[in-house]
Amino acid sequence: MKSIKVFAPATVANLSCGFDVLGCCLEGVGDEMVISLSDTPGIRITKLEGANLPMEADKNVASVAVMHQLKALNDTTTGIEIEIYKKIKAGSGIGSSAASSAGAVWAVNELLGNPFTPAQLVPFAMEGERLASGNAHADNVAPALLGGFTLVRSYEPFDVLKLNTPKDLYMTIIHPQIEVKTSDSRKVVKPNVTLKNAITQWGNVGGLVAGLYTEDYDLIGRSLSDVIIEPLRSILIPKFEEVKKASIESGALGAGISGSGPSIFALSKGKETATKVAESMKTIYESTGIVFDIHVAPINEDGVRII
Ligand code: HSE
């Protein structure tokens, strides 16, 4: 039986201005998965540790993503066994379901001799997101598969790009241990935006992409602004405004909601600043009585990888 073990990374989606289109991949925070080929056709979840998630193949995001992948290959004979060791909590806002979907399709692709490029794997992993949240958004699975920062330029037709990663960027994430389901958090988002807000938002998306390429850290910071989604969602996150303000006062380039929350991210230049930001986040949350985790992580340029 051929088998590989992979690291399936956590990701930060939206990056303030880029709802459903921008995301980035984290180093050192993520799940582990062991994926094996089996002589018995079909896809099976054989082990699931660290989370209370379904093991039935048609209900687990990892196996559902792989089903779509094998279907695209017209493959009805391959057997796949999936072991999942969850470290990322479901509903944390750092791409828990995306890590499982992306890790599974990436590993299966590797075991089958890489019939797909990483970008071609994104739509399969998106089917896992559809199952998890009712919406096939790609802004967590794309950075998990491609690494670094990614932009979904278009959903129809699907077009995803990997962007440049400035070397000194560090992410600080605070995860308050309250569950905010992506499906619930999407319900508070309004379907229409004003032209005024749209102009502000697409200016910032362009500014962030330009800042990533020119490695202009100040421009990155100025562009980390969200006038459309954050005002609606931030009320679901205790102390959001205080944490954002304290992060920026501690030197962060910018801060916002990680994905659909409740995690809050801050981007900083350099590990030292990112660590100071972590301290300021910690001070605020210690007064709430809410249990929380904090991560300081560099950007992961590789995405899913064999360990
Ligand atoms: N773009 C998605 C959302 C990401 O904000 O709902 C979920 O992690």
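In whole Å, what three semi-axes, largest first, describe the equivalent ellipsoid of region 128-255 built from its Cα gyration tensor (square root of 5 times each eigenvalue)? Write out the running numbers ahead of the final one.
On the way: eigenvalues 98, 88, 56 Å².
Ellipsoid semi-axes (Å, largest first): 22, 21, 17.
In the chain, if the dipole is taken from +1 on Lys/Arg beta carbons and -1 on Asp/Glu beta carbons about the Cα centre, which of 237, 55, 34 is farthest to the positive end?
Of the options given, the answer is 237.
Nothing charged except the Cβ atoms of Lys and Arg (+1) and of Asp and Glu (-1): what's the magnitude of the dipole of region 34-144 about its Cα centre? Round to the nearest 20 debye.
Details: 8 positive and 11 negative charges, 54 e Å.
Rounded to the nearest 20 debye, it is 260 debye.
Could you please report the charge total around residue 15, scoring K, R as +1 and D, E as -1 over all other residues with beta-carbon less than 10 angstrom from its beta-carbon?
On the way: positive: none; negative: 139, 226.
Neighbour charge sum, excluding residue 15 itself: -2.
Percent of Cα-Cα pairs more than 13 Å apart in region 205-254, please. Mind dumping the intermediate values first?
Values: 771 of 1225 pairs.
Percentage above 13 Å: 63.
If N is the number of residues in region 213-307, what value comes out of its Cα radius of gyration divided by 2.2 N^0.38 Å? Please report the intermediate quantities before stating the final value.
Details: Rg = 13.9 Å, N = 95, 2.2 N^0.38 = 12.4 Å.
Cα Rg divided by the expected 2.2 N^0.38 Å: 1.12.
Taking 20 Å as the cut-off for C-alpha to C-alpha distance, list the pairs among 5/86; 245/269; 71/162; 239/271 that go past it. Intermediate results must be reported in sequence, preceding the final value.
Working: 5/86 13 Å; 245/269 17 Å; 71/162 26 Å; 239/271 24 Å.
Distance filter (> 20 Å) returns 71/162; 239/271.
Tell me, rounded to the nearest percent, the portion of alpha carbon pairs in the chain spaced more than 34 Å apart.
Numbers: 8405 of 46971 pairs.
Summing the P(r) of the chain above 34 Å gives 18 percent of all pairs.
Mind checking Rg over Rh on region 78-149, alpha carbons, Kirkwood formula for Rh?
Dividing the radius of gyration by the Kirkwood radius yields 0.95.
Roll a 1.4 angstrom probe over the protein heavy atoms and tell me the percent of accessible area of region 39-100 that is carbon or sulfur.
Values: 1490 of 2940 Å².
Carbon plus sulfur share of accessible area: 51 percent.
How are the alpha carbon pair distances in region 113-155 distributed across 5 Å bins from zero to the largest one, expressed in percent?
6, 25, 31, 23, 12, 3, 0
Determine how many Å³ per residue the convex hull of the Cα atoms of region 111-189 encloses. Can you show the working numbers first?
Values: hull volume 12.1 nm³, N = 79.
Once divided by residue count, the hull of region 111-189 is 154 Å³.
Just to be sure I understand: if I project the alpha-carbon convex hull of region 1-64 onto a plane and average over all orientations, what area do I get in nm²?
Working: hull surface 23.6 nm².
Mean orientational projected area (region 1-64, Cα hull): 5.9 nm².
Whole number in Å², please: accessible area per residue of the chain, 1.4 Å probe, ligands, DNA and RNA not counted. Write down the numbers at each step before the final one.
On the way: 12780 Å² over 307 residues.
Value for the chain: 42 Å² per residue.
Please report Rg over Rh for region 10-156, where both radii come from the alpha carbon positions and Rh follows the Kirkwood definition.
Details: Rg = 14.1 Å, Rh = 14.9 Å.
That ratio is 0.94, to two decimals.
The values are calculated or read from the model by the stated rules, or taken from the named source; none is laboratory data. None of the values given here were measured: they were computed from a predicted structure. Cβ atoms come from the backbone with ideal geometry, glycine included; neighbour counts cover every protein chain shown. Accessible surface is based on the protein model in full, side chains and every heavy atom, while ligands, DNA and RNA are left aside. Shrake-Rupley method; radii C 1.70, N 1.55, O 1.52, S 1.80 Å.
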